[in-house]
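Below: the structure, in C-alpha cells.
The values are calculated or read from the model by the stated rules, or taken from the named source; none is laboratory data. What you see is a predicted model; the values in this text were computed from it and never measured. Neighbour counts are summed over all protein chains in view; Cβ atoms, including those assigned to glycine, are modelled from backbone coordinates with ideal geometry. For the accessible areas, the whole protein counts, side chains as well, though only heavy atoms, and no ligand, DNA or RNA atoms are used. Shrake-Rupley method; radii C 1.70, N 1.55, O 1.52, S 1.80 Å.
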Amino acid sequence: MGDQRVRHTLNAIVRMSLCAAGFVMSIYGSVQLNALKSPSFRELLHESAFWVAAIGGLMTAIAFEAMRRAQVPAPAAQPGESTAPIVSTKPVEPAPSEPEKDERPVENGDKLSLVEVVGLAAGGVIGSGWLLAVPTLHESLGEAALLGWAAGGVLMLTIAVVMVEFGLISQRTGGLLFHPHDAFGPLVVIILAASLWISYAINPAAQAAAAVNGLAEVVPALAGEGGLTRVGSTLAVLVTAAIIAFVLLPRRLVLRTNAALTLLKIAIPVIFVVCLALAVPAPLAGPGPAAGPTSTGVLSALITSGVIYAYIGFQAPLDVTGEVRGGRREVAKRVRWAVYGTVVGSFLLYSALQLVYAEHMAGSGAEHGTSYARLTDTATLAGAPLDWLVVLVRLAAIIAPIGSGIVFTYALSREVYALSAERYVPSGLHEPRASRLPGRTSDSFWLILLVNLVLALVVLVAVGGDWQTLAVLNTIPILILYAVTCVVLAVRSELLGTGLQQLLPFAAYAAFVVIALVVNESAWDRVWKGVAVIAWGSLVLLVLPWLHHLRIPGLGWYDAKNHGARLFSRDPANRPFLVLALYLVALTLLSAVRHRIDDDSVWSVWSLRALVMIVASGAFVLLVGAGRRYLRLTRLTSTRP
C-alpha cells in the first residue's frame, strides 16, 4: 500500500509539472513570436520559438487530459480525517454573557498548536528579506539604516495590532477577505482577492529567485550582473515547483517541517549576529560612514530597499485562524503571541544584523550590496578566523527563502479554498476530489496549488527572475490589503470592546495614511507595476464570470458568481468599490507627480505629502461612510419578510 501511494504521488507530481512546464513554454514561445514582424508560414517553421510554443501547448493538453481522467468520485472521508479548512459564511461575534464554546467540526487534536502558529508567522517573515534588504538599505541610507527598520517596524506593528484584534472577533479561515466582505460587499473583495492572490502566488517565485541567488555564490554560473542566467532561471522554476509541491504532502508533516525550518532560520542569523558582534573587525578602510539621509530617503527606502517586504508574512496565522487549537481565549492568546512576537522579534533581529553589517563592511573593504559571507573574511574571534560562518550564511540564503515560500503557499491554498466556497472563483477549486496523495484520500488542494504554480511561473518568466521586481509585485498589493483591513475595523467599530480597543480606530486611520505616504514615496516604476497587477487581477475576476454568464464556449467550468453585474444596478456594494478604485487611481497619479517633481526642495516635498495625507484621509472617511451605509442597507433588506 505504501509503495502504491508513493507511485500515485509521483504520477500526480509528474502530471502537474508537465502541465506547468508546457504552459510556461507556450507563454515563452508566444512572447518570442510576437517580436517577429508578419512572418510567413515557412519562416515560422524555421523559428525555434514556434516549436517551443507548439510543444508546450501539446504538453499542457496532454497533462490536463491525464488529470481529468484521474478524477473519480471521492470516497467518503474517514472518521477524524481533516480534508479542508473551516469556512464560515457568517462572522462569529463574541458573546460575553454566554459560556465559551467551540462549534467548529474539526477535532481539536488536528488543529494548529502554538509552535505551528509561531512557525507560520515567523516562517513567513524570516525569508529572503533579511538577506537582501540589509545590504540594500545600507547602500540607500548609510549609517541611518536603522531608521528604516524602526519606521517599518512601527508601521507593521500598528497594522498587526489592528488586524489581529479585529481578526480575533471572527475566528475563521479566510478572514482577511471575508471581514471586508461583511463591511463592503463582494465588489471590494474582488479587488482584495486579486491583491492577495497575486501577492501570495508571487511570493514563492520571489523566494525561489532569492534562493538561487544565494546558491549563485557557490555556483557563479547561476547569476550574472543582469540577474539570473538561463540556467539560474530554470533552477528557479524548479524550486518554485518544488515549494508548491511540498505543500501537497500531509498537512501535519508540512506544518511540523515548517516549524523546524523556522527554528533553523532564526538560529542561523542569531549565531551570525552574536559572532560578528563579539568579533574584532579589520581596520577601517575607505572614507568612513555615509552621511545620514533626509526623511524622504527613509520613506522611499521602505519599499525600494525591501524593508516592508522583509516584514510582511506575519499575517499568515490570520489566514487560518479557524484552524488554531483551543477555545476562543486560547486561540486569541496563541495568535497574539505568534504575530506580535514575530513583528517585534524580527525588528530586533534585523536591527542587530544591520549594526554588525555596517561595522564589518567597512573593515572588509567590500563594496555596497556585498553578501554577508564577505564580512567574515577579515574579522576574527579570539584570534581565530570566522570562515566557518560562511557555510551557515550560504545555508541560510537557501533555506530561509524556501521556508517562507512554503508558508505563503500554505496560506494561499486556504484563502483560495474559502474564495471558491463563496463562489468568487470556480466552485471546482473547493470540491473534494479523489486524491492519491499520501494521507489525503479526498483532497481539493492539489488543483488550487496547480493554479497557483502556473500563476507563479508565468510571473517568474515574465520578469526574468528579477528579485527586486518580484518583491515589489509582492509588496504593493499586500499593503493595499492591509490598508483596507484597517478601514474595515473603523466600519465595524461597534464590535470592539471597551478600554484600549476603543483606540484601535485611531490606529487604523494612522496606518492607512502612513501606507499612502510610503507608497507615494516609492519609486514610480514600482508603484505603477504594483497597482497594474491589482487592476489586471481584478479585471480578470470580474470579466470571466460575466463571460461565463454569456455562455462563451470554453468557459463552462468558470461558474463564479457574476458580481460585475452589480455595477450596472443600484447595489449598495457599488459605492465602496468605486471609492476604493478611485482612491487607487488617485494614489497612482500622486506617485506620478512625485516622480515628475524636479524641485527637491523641502517646500515641494512636504506640500505633496500634505496633499497625499488629505487624499488618504478623505478616502478613509468616504470608505467608512460607504461601508456603514452598506451595512445599514443590507441589514434592512435581510430583515424584510
message = If I filter the range 515-526 down to residues being under 19 Å from Ile159 (Cβ atoms) and of a type in the set (A, V, I, L, M), which single residue comes out as surrounded by the most Cβ atoms within 10 Å (Cβ to Cβ)?
response = Val519
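Report yes if Ala211 is open to solvent by less than 40 Å² (accessible area, probe 1.4 Å), modelled with pLDDT of 85 or more and farther than 24 Å from Pro135 by Cβ, otherwise no.
No, not satisfied.
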query = Looking only at residues in the range 480-499 that are without any contact (Cβ under 8 Å) to a residue 40 or more places away in the chain and either surrounded by 21 or more Cβ atoms within 10 Å (Cβ to Cβ) or charged (D, E, K, R) (or both), which one is farthest from Ile190 (Cα to Cα)?
reply = Glu494
key: the range 307-320 residues that are touching a residue at least 60 places away in the same chain (Cβ under 8 Å), paired with ones that are basic (Lys, Arg) and outside any loop (DSSP other than H, G, I, E, B) (beta carbon under 9 Å, 6 or more apart)   = Pro317/Arg334; Asp319/Arg414; Val320/Arg414
ask   = Is there a residue in the range 475-498 that is part of a loop (DSSP other than H, G, I, E, B), closer than 30 Å to Leu253 by Cβ, at pLDDT below 80 and of a type in the set (Gly, Ala, Ser)?
value = no
note = The condition from (1) closer than 14 Å to Ile303 by Cα; (2) crowded, with 24+ Cβ neighbours inside 10 Å that Gly124 misses is numbered (1)
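Every residue, every condition in (1) at pLDDT below 85; (2) buried (at least 24 other Cβ atoms within 10 Å of the Cβ); (3) on the phi > 0 side of the Ramachandran plot, yes or no:
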site	(1), (2), (3)
Phe184	no, yes, no
Tyr200	yes, yes, no
Val218	yes, no, no
Leu222	no, no, no
Ala236	no, yes, no
Leu249	yes, no, no
query = Are any residues in the range 552-590 charged (D, E, K, R) and in contact with a helix residue (DSSP H, G or I) (Cβ under 7 Å, 6 or more places away or on another chain), and if so, which ones?
reply = Asp559, Lys561, Arg566, Arg575
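Conditions (1) of a type in the set (A, V, I, L, M); (2) in contact with a strand residue (DSSP E or B) (Cβ under 9 Å, 6 or more places away or on another chain), marked per residue:
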position	(1), (2)
Pro180	no, no
Pro204	no, no
Val231	yes, no
Ile243	yes, no
Leu255	yes, yes
Lys265	no, no
message = So, in the range 138-149, how many residues would count as being hydrophobic (A, V, I, L, M, F, W, C) and either open to solvent by 10 Å² or more (accessible area, probe 1.4 Å) or more than 23 Å from Ala160 (Cα to Cα) (or both)?
response = 4
inquiry  = Being closer than 22 Å to Glu422 by Cβ, among the aromatic types (Phe, Trp, Tyr) and surrounded by 14 or more Cβ atoms within 10 Å (Cβ to Cβ) is the filter here; which residues of the range 527-559 pass it?
reply    = Trp546, Tyr558
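Yes/no per residue for (1) in a helix (DSSP H, G or I); (2) in contact (Cβ under 8 Å) with a residue 24 or more places away in the chain; (3) closer than 22 Å to Val488 by Cβ:
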| site | (1), (2), (3) |
| --- | --- |
| Val519 | yes, yes, yes |
| Gly530 | yes, yes, yes |
| Trp546 | yes, no, no |
| Trp557 | no, yes, no |
| Ala560 | no, yes, no |
| Val579 | yes, yes, yes |
